[in-house]
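The structure appears below as structure tokens.
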Amino acid sequence: MPSPRNAPAQVIPVVDLMHGQVVRGVRGERHAYRPIVSRLADGSAPCDIARGLRAAAPPAPGRQPVLYVADLDAIQGGAAQVGVLADLLQAQPDLCLWLDAGFAEPAAVRALRAAIGPAATRIRPVYGSESLASAAALDELAQDPEAILSLDTRLACPLDPSGSWQRPQAWPRTVIVMTLDRVGAGTGPDLDTFVRLRAMAPDRSWIGAGGVRDAADLRAATAGGAAGWLVASALHDGTLHFT
């Protein structure tokens, strides 16, 4: 998803799913996540929140709508929320889901797509470095043009059992820098880590995650080379808006 030179970073709305509900992510402390309270929709039903996020951050003309979904049940070792994911795809037939469901290897993506059915062609798998099983799995996913690698960090420490951070030559075309302790914290984006990692493979499409509070943060992200940024709290709270 490369952006035209100097174009603003694309805002990619985020939904964190837990036990069939949308929850508010704060600092990656998943045990403490609670159902979302948002100005965009009543309640925490995933399809309602997804519609509200799309209205709050509409895609640019000619761009496919994108929603980043973190299936926290699956990321924490449980079953993927197949029914919820299928409902999100059915409710918005033009929507593309960037899905992190704790994929350890591409075989897990194939199994989930088979469970969802034809609509799964609109899923781009996100492989979190915290979940990726091995260097061999990184090599395999790098052959998939739809694959996205998320380089995950917490408290400045890479979450990287597979050693993915040290192999930029194997990174796929789209890479996310996910600073978990900035998520929902209102402390601004971690541009130092973003810029440092982007310099290791500047020909990729780079997406940031965590910390964007307002338009000024988004401009700073754009200046740092971000093609897009994952955003949730600033949209729910109205500190980042487009009207």
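The values are calculated or read from the model by the stated rules, or taken from the named source; none is laboratory data. All values reported here derive from a predicted model rather than from experimental measurement. Virtual Cβ from ideal backbone geometry, glycine too; neighbours counted across all protein chains shown.
Data for the structure
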item	result
Residue in the range 34-55 that is in contact with a strand residue (DSSP E or B) (Cβ under 8 Å, 6 or more places away or on another chain), farther than 25 Å from residue 214 by Cβ and charged (D, E, K, R) present	no
One residue from 202, 168, 118, 172 being touching a Leu at 6+ places or on another chain (Cβ under 7 Å), over 19 Å from residue 15 (Cβ atoms) and modelled with pLDDT of 95 or more	172
Test: residue in the range 163-177 that is in contact with a strand residue (DSSP E or B) (Cβ under 9 Å, 6 or more places away or on another chain) and closer than 23 Å to residue 24 by Cα	yes
1 or more residues among the polar types (S, T, N, Q) and buried (at least 20 other Cβ atoms within 10 Å of the Cβ): qualifying helices (runs of 4 or more DSSP H) within the range 125-243	233-237
